[in-house]
Amino acid sequence: MVSIIVGQVLAVSALAVVGLMVQRALRIELTLACLLVGFVAGLGIEFTSFDTGIRASNLHDLVFFVILPVLIFEAAWELKPALLKKWLLPILLMATLGVLTCTFIAAGLIYAGIGHAEGFPWIAALITGAILAATDPVAVIAQLRAAKVSADLTTIFEGESLFNDATAVVLFSIVIGLATNSVDAAGDSYFAYFFMVAVGGLVFGTVSGLVVSAVLLLIGSSVASRFILVFSAFASFYVAEHLMHISGILAVMMTAIVTRVMLREVQASVTEGIAGTWEWLGTYFNSVLFAIMGLVVTLAMFRDQWLAMLIAIGAAVVARVVGVGVSCLLARPLSEPVSLPWQGLLVWGGLRGAIAIALVLSLPTSLPYWWTIQSMVFGVVLFSLLVQGTSNSYLITKVVGVSPATSEPD
């Protein structure tokens, strides 16, 4: 049994390696290259007896207990504490009010567009909206750094994506629980349940970060620190999600942020080289996720669900515009304003990627509408990669050098 699992892991990892070579040869984004390799491999698997081991029943645990902790911890570790503090209010508004707005607007447009309540009920539209609220601007961050834009803009992108991913995952978990009758909440208690899960994750993550920081300072070894930090990512998620039944994603996020802040004065000696560790782990899991997406994408999706995909793409863009716009408008009186050009980049650069794929791959197949949701999310992800991702560099060149103060209209 173990040998079979190892073989399956190696096979999917091999697809990620081939994706790296395809990226190098075709000079395209790594995620797109891995998606392409996975899709081609998926077409060939039907002619062989090889079993990839990919099942909806095992993808949920793989995604939530292995992949998401690494992706979230890596993103949180990269944030610059000083700049995060400067832009915290608009980031938090976009990650809370913005995510909720984006979720319900996308859900409403999708539900109205598909228009058959029995086959695609409101709860299905709500699940889709929650998944599409999660952004993953990895490619855009690379473009921003290559264009040498303001570190403030990069921090807003990174911080908003990180916090909104965490909120979207919590919201997704609650909605899935309602759809499968595994969440015992009703009426006004939905908000209370969301609040309890979210605040519990934040508090536990803060405590976890303080404990991890103390352990790292006590040991004082940069080599040991790499292992301890990777362990803390998995442990904080597991304890929060499995034992305490609170948000593991928020726990991981706060563990990383608090640890980074506490160790900022001794970072050179205690956490030397950890950035490289998170970089390769993030690259590996991102590549594997997109390779898996390629494996499960079928031509039948585009033949049978093309209209639903188009509806989801339009709904995702409109919802993102409203979510970002409303959040930045409300943050303006109490924080440094986010300029209209920057808001435009946040809207168009809010790509759907690894987190959206991770969530949709974890959908229970017991839900009769799971394939429709998966098709729509895959359609939006492909639109993000092929249209938004490729056109963002042009938009960035138009915004380079524009400051948040001088670009804001009177």
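The values are calculated or read from the model by the stated rules, or taken from the named source; none is laboratory data. Keep in mind that this is a model prediction, so the values were computed, not measured. As a convention, Cβ positions derive from the backbone with ideal geometry for all residues, glycine included, and neighbour counts pool all protein chains shown.
Tabulated data
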{"read-out": "Among the candidates Ile311, Ile357, residue that is buried (at least 20 other Cβ atoms within 10 Å of the Cβ), among the β-branched types (Val, Ile, Thr), under 30 Å from Ala124 (Cβ atoms) and in contact with a Leu (Cβ under 6 Å, 6 or more places away or on another chain)", "value": "Ile357"}
{"read-out": "Val360 at pLDDT below 90 and part of a helix (DSSP H, G or I)", "value": "yes"}
{"read-out": "Residues of segment 11-29 satisfying the condition of being among the hydrophobic types (A, V, I, L, M, F, W, C), modelled with pLDDT of 85 or more and surrounded by 11 or more Cβ atoms within 10 Å (Cβ to Cβ)", "value": "Ala14, Leu15, Ala16, Val17, Val18, Leu20, Met21, Val22, Leu26"}
{"read-out": "Among (1) farther than 21 Å from Leu20 by Cα; (2) crowded, with 17+ Cβ neighbours inside 10 Å; (3) modelled with pLDDT of 85 or more - the single one Phe302 does not satisfy", "value": "(2)"}
{"read-out": "Answer residue from segment 273-297, given it is touching a Phe, Trp or Tyr at 6+ places or on another chain (Cβ under 8 Å) and of a type outside the set (A, V, I, L, M) and is modelled with the highest pLDDT among those", "value": "Gly294"}
{"read-out": "Members of segment 58-117 found to be small (Gly, Ala, Ser) and either within 16 Å of the chain's Cα centre (by Cα) or within 30 Å of Glu279 (Cα to Cα) (or both), listed by number", "value": "Ala75, Ala76, Ala82, Ala95, Gly98"}
